[in-house]
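Asker: Here's a structure for you.
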Amino acid sequence: MKKFLLLATTVAAFTPAAFAQSALIPGEATDFVAEFDFNGGAPLVRGSFTAPTQNNSYFDPQPLTEIARIEVTRSCYSVGEMDEPVAEYENPAPGETLSFVDETLEEFGYQYTYTVTAYSSENKGGYGAYQHIYVGVKPAKPEIVSVTTGENGFAPVTITFTAPSLTAEGEELPTPLTSIKIVNYKGWNSEDLLETISDPVPGKEYTFVHPAENGVSYTYQISASTAFGEGDYASKMIYVGEDVPAAPTEFKAEVADGKVHLSWTAPAEGKNGGYIDPAATLYRVSRLIGYDETPIADGLSECNFTDPCDDLTGPTQFSYTVTAYNEKGDGGYVNLDGKLIVGPSSQLPYVEDFNEGGYFKSPANLWSTDPASFSDWGYSDYDYYLALTGVDAADGNDEGYAYCSHRYASADAHERLISGSIDLSEAKYPVLTFFYAAVPDVTNRLSVEYRQGGGEAVLEDFCIAENAPADADYAWVKKTLPMDAAKGGDVSLVFHAYTGEDATDVDNVFIDAIRLDDYPPVEGIMISVQGTTATIQWTAPANSSAQADSFDVYVDDNEPVRVSETEYVFASQLDTEHTVAVRAHYGDVPSCLSEAVAFDSNGTLGIGTVQADGGRVEYFDVNGRKVVAPVPGMFLIKRTTAADGAQKVEKTVYAK
């Protein structure tokens, strides 16, 4: 009911009677222009406009037949004026062109608003037409030629400038300059007047000497005025006295041999733009680890420094800052762009379960990402979409893992998670194991790589749907990747998650329980032969955390036999040469095959190596006798027999 009454009231407001009434109220004047001018040196504002020809109704515009009067008023908040009468016209004809001259102005240099309003015989005015004009003459900015200090930046300050000869609009000044003002700007509504030059000559160069105080920064503002307004100021800031140095530039870092070599370029001026003595500039170098800044060198006069990093106990990620200073105090500083990973390599075993921290999980080791900023790699202990937690979760407790957030990634997204340096110099057979979450029906891929000596190698590139369960949302799957080719140096592991150019269904990539360890092979196989019975014995190898617990024994071309003891007995044949080798297993992680040992009924003949292609390598001395136990540096004849029987013989110096 209330809505209906409101509608009725609204309709009533626009009845024909209401339209007829509004037809009596004049509309807005048109073609309104106004400008500041002079007449014989006297200031004034000229204006003109066209009287309205229609009423002010938006819904029913009607032509006007009469206008009772038109008023011109002016307003200026800055001088306290509001609707000050300027001109009035009685009974003007609709469409008549009218003009006015305002010669009653008393204050200049301000923005005024002139308004034209037409009224009906009932004294009802329509919408006013208005113009905003600057009433006055605003000179252009003075041109600052120079602002200089005395010797070595000390006082006094000499300011040279040229008086303006044009208005701010670029026209010739219609009236003389009355003054030029020089102030020291200190802040909002705070300035010191330093000098006033009366009746300056337009275009003339002037010099002002300021007996400034040393050790202070000044902001000089210079403005010109006429009798009818002040122009905008030209500004120049200068520091007086000896300044502290600005920040060093071109800061670079190079990591070599476990040390960081830093270099930078000395500042050429002061932090505040003032004078400095370059020979008196010193530098302080600090390490930035997280939010902690630790000075490591001070009082440096050269623009370089080598951080020996001998206090680091493992891979550490940090940056550097270099601060320039002199006897006046600290000046500017520069931070290294990006972070470095420096420090001794991690030793085997390298273990990462991403389970450090409390509510927010973090890795136990140092990892970086590529890209370094806004990486999609992160750490968590529960994924709500898959109801996933870490590999080591037990008794209902969530465990940490690493993930690459590609669930909503676009095609061809690439993200890398990179470990710190890991020492494989003493490893005999390094093997990387880790778990990934196999998710059905997705196309994401994970490339497992390592970096070494400036190069990069791929261990395996696979789709994370590999080995995914058919009846579950995911399954943790273990990957075992030998890294025999990387032994003998330092490596960094790289887990490269990507969607591929033709990505369709994608999900996050999850990894956990990373372990890189040495799994040494069996060494020192011993063989004893009694008649037709051959006994093979060896010592179980071990790494830092486990001993080999099972072994595959290879005899000639027969299928390997799995044993749990360190001995194997089999029937040999008289006058028949046999070759044996053993592969150690550390749980479900196999080592490489041991060196092959050849023997017959008379005992050991020599040592050979069974190759992956099923071939073998044998060594002989220069007289053609098989060598039982070659030692590094021995000159030998090497015979390589391929699986197809093809042989290659070459001279070599034995290296184990």
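Asker: Taking only protein heavy atoms and a 1.4 Å probe, what accessible area per residue, in Å², does the chain have with all protein chains in place?
Answerer: Accessible area per residue, the chain: 52 Å².
Asker: Where in the range 373-390 does the label zone of Asp441 land, with the point 7 angstrom along Cα→C-beta and an amide N cut-off under 12 Å?
Answerer: Within reach of a label on Asp441, which here means backbone N under 12 Å from a point 7 Å along Cα→Cβ, the range 373-390 contributes nothing.
Asker: Turning to a different aspect of this structure: Step through the residues of the range 153-166 one at a time and calculate ³J(HN,Hα) from phi using the Karplus curve (6.51 cos²θ - 1.76 cosθ + 1.60, θ = phi - 60°), rounding each to whole Hz and writing x for Gly and Pro.
Answerer: Per-residue couplings from phi come out as x, 8, 4, x, 10, 9, 10, 10, 8, 10, 5, x, 10, 10 Hz.
Asker: Under a Cβ-only charge scheme (Lys and Arg +1, Asp and Glu -1), can you give me the dipole magnitude of the chain about the Cα centre, in debye to the nearest 20?
Answerer: Details: 39 positive and 98 negative charges, 163 e Å.
Using Cβ point charges on Lys, Arg, Asp and Glu, the chain gives about 780 debye.
Asker: Between Ser179 and Asp37, what is the FRET efficiency for a Förster distance of 25 Å, r being their Cβ-Cβ separation, to the nearest 0.05?
Answerer: 0.60
Asker: Still on this model: With percent of Cα pairs over 36 Å apart as the read-out, I listed (i) 45; (ii) 69; (iii) 53; which label goes with the value calculated from this structure?
Answerer: Of the listed options (i) 45; (ii) 69; (iii) 53, (ii) comes from this structure.
Asker: Can I get the semi-axes of the range 267-350's equivalent ellipsoid? Compute them from the C-alpha gyration tensor as square roots of 5 times the eigenvalues, in angstrom, largest first.
Answerer: 32, 12, 9
Asker: Tally up the carbon and sulfur contribution to the accessible surface of the range 523-569 as a whole percent, 1.4 Å probe, everything protein left in place.
Answerer: Carbon with sulfur: 42 percent of the solvent-accessible area.
Asker: Moving to a separate point now. Out of the GluC sites (Glu not before Pro) in the range 188-275, which ones are loop residues according to DSSP with at most 14 other C-beta atoms within 10 Å?
Answerer: Counting only loop positions with at most 14 other Cβ atoms within 10 Å, the GluC sites (Glu not before Pro) in the range 188-275 are Glu213.
Asker: Excluding Gln452 itself, calculate the net charge of residues whose Cβ lies under 11 Å from the Cβ of Gln452, where each Lys or Arg counts +1 and each Asp or Glu counts -1.
Answerer: Its environment carries a net charge of -1.
Asker: Express in nm, to one decimal, how much length is gained between Glu172 and Asn304 on full extension, taking 0.36 nm for each residue of separation and deducting their alpha carbon distance.
Answerer: Details: separation 132, 0.36 × 132 = 47.52 nm, distance 5.76 nm.
Contour length minus the Cα-Cα distance gives 41.8 nm.
Asker: If I take R0 = 41 Å and measure r between the Cβ atoms of Asp370 and Asp575 in this structure, what FRET efficiency does the formula 1/(1 + (r/R0)^6) give, to the nearest 0.05?
Answerer: Result of the calculation: an efficiency of 0.05.
Asker: Reachable lysines from Lys138, Cα under 29 Å, same-chain residues fewer than 8 places away excluded?
Answerer: Lys181, Lys186, Lys204, Lys236
Asker: If you don't mind, there's one more thing I want to ask. Measure off, as a whole percent, the carbon and sulfur share of the 1.4 Å-probe accessible area of the range 157-215, all protein chains present.
Answerer: Working: 1630 of 3470 Å².
Of all accessible area on the range 157-215, carbon and sulfur atoms account for 47 percent.
Asker: Please give the helix 2-12 orientation as an angle from the longest Cα principal axis of the chain, in degrees from 0 to 90, rounded to the nearest 10.
Answerer: 40
Asker: Ordered by residue, what ³J(HN,Hα) values in Hz, to whole numbers, does the range 75-86 give under the Karplus form 6.51 cos²θ - 1.76 cosθ + 1.60, where θ = phi - 60° and Gly and Pro are x?
Answerer: 9, 7, 4, 5, 10, x, 9, 9, 6, 6, x, 10
Asker: Only Cα pairs under 8 Å and at least 6 apart count here; give the relative contact order of the range 337-408 as a rounded whole percent. Show your work: numbers first, answer last.
Answerer: Numbers: 84 pairs, mean separation 19.3, N = 72.
Taking the mean separation of contacting Cα pairs over the length of the range 337-408, I get 27 percent.
Asker: Still on this structure, I have one more. Compute the distance in nm between two label points, each set 7 Å from the Cα along the Cα-to-Cβ direction, one at Leu282 and one at His414.
Answerer: Output for this residue pair reads 4.8 nm.
Asker: If the chain between Thr148 and Thr533 were fully stretched, how many nm would it gain, using 0.36 nm times the residue separation less the Cα-Cα distance?
Answerer: Taking Thr148 through Thr533 to full extension adds about 128.2 nm, to one decimal.
Asker: Distance from the Cα centre of the range 169-214 to that of the range 518-573, in angstrom?
Answerer: The range 169-214 and the range 518-573 have Cα centres spaced 100 Å from each other.
Asker: Only sites in a loop by DSSP and with at most 12 other Cβ atoms within 10 Å count here; which chymotrypsin sites (Phe, Trp or Tyr not before Pro) in the range 253-320 make the cut? Walk me through the numbers before you get to the answer.
Answerer: Details: sites: Trp264, Tyr275, Tyr283, Tyr291, Phe305, Phe318, Tyr320; in loops: Tyr291.
Sites meeting the loop and neighbour criteria: Tyr291.
Asker: Now a separate question. Projecting each Cα onto the charge dipole of the range 175-261 (Lys/Arg +1, Asp/Glu -1 at the beta carbon, about the Cα centre), which of Tyr239, Ser223, Gly258 comes out farthest on the positive side?
Answerer: Toward the positive end, the furthest listed residue is Ser223.
Asker: Next up: If contacts are Cα pairs under 8 angstrom and at least 6 residues apart, what is the relative contact order of the range 36-112 in percent?
Answerer: Worked out over the range 36-112, it gives 36 percent.
Asker: Could you pull out every residue, at least 5 positions away or on a different chain, whose amide H is within less than 5 Å of the one on His578? Hs are placed 1.01 Å off N in the peptide plane, and Pro or chain starts have none.
Answerer: Answer set, sorted by chain and number: Phe599, Asp600.
Asker: What is the gain in length, in nm to one decimal, between Tyr110 and Asp192 on full extension, counting 0.36 nm per residue of separation less the C-alpha to C-alpha distance?
Answerer: Gain on extension, Tyr110 to Asp192, equals 27.2 nm.
Asker: Could you work out [θ]222 nm for the chain from helices alone, using -39500 (n - 2.57) per DSSP H run of at least four and dividing by all its residues? Round to the nearest 500 deg cm²/dmol. Please list the in-between numbers first.
Answerer: Values: 2 runs with 18 residues, N = 656.
Computed ellipticity for the chain at 222 nm equals -1000 deg cm²/dmol.
Asker: Relative contact order of the chain, please, whole-number percent, based on alpha carbon pairs below 8 angstrom and at least 6 residues apart.
Answerer: Reported as a whole number, the value is 6 percent.
Asker: Just to verify a number: FRET efficiency for Thr97 and Glu356, C-beta to C-beta distance, R0 = 51 Å, to 0.05?
Answerer: 0.05
Asker: Amide H of Ala29 versus every other amide H placed in the peptide plane: which residues, excluding those fewer than 5 positions away on the same chain, fall under 5 Å?
Answerer: For Ala29, whose amide H was placed from the backbone, the distant partners under 5 Å are Ala118, Ala129.
Asker: Roughly speaking, what is the centre-to-centre gap between the range 424-496 and the range 279-328 when only Cα atoms are used, to the nearest Å?
Answerer: If we compute the Cα centre of each part, the gap is 38 Å.
Asker: Could I ask something else about it? Roughly speaking, to the nearest percent, how much of the range 309-449's 1.4 Å accessible area is carbon and sulfur?
Answerer: Accessible surface attributable to carbon and sulfur in the range 309-449 totals 45 percent.
The values are calculated or read from the model by the stated rules, or taken from the named source; none is laboratory data. Fair warning: this is a prediction, and the values are worked out from it, not measured in the lab. We place every Cβ from the backbone using ideal geometry, glycine too, and count neighbours over all the protein chains shown. Please note that ligands, DNA and RNA were not included when accessible areas were found on the heavy atoms of the full protein model with its side chains. Shrake-Rupley method; radii C 1.70, N 1.55, O 1.52, S 1.80 Å.
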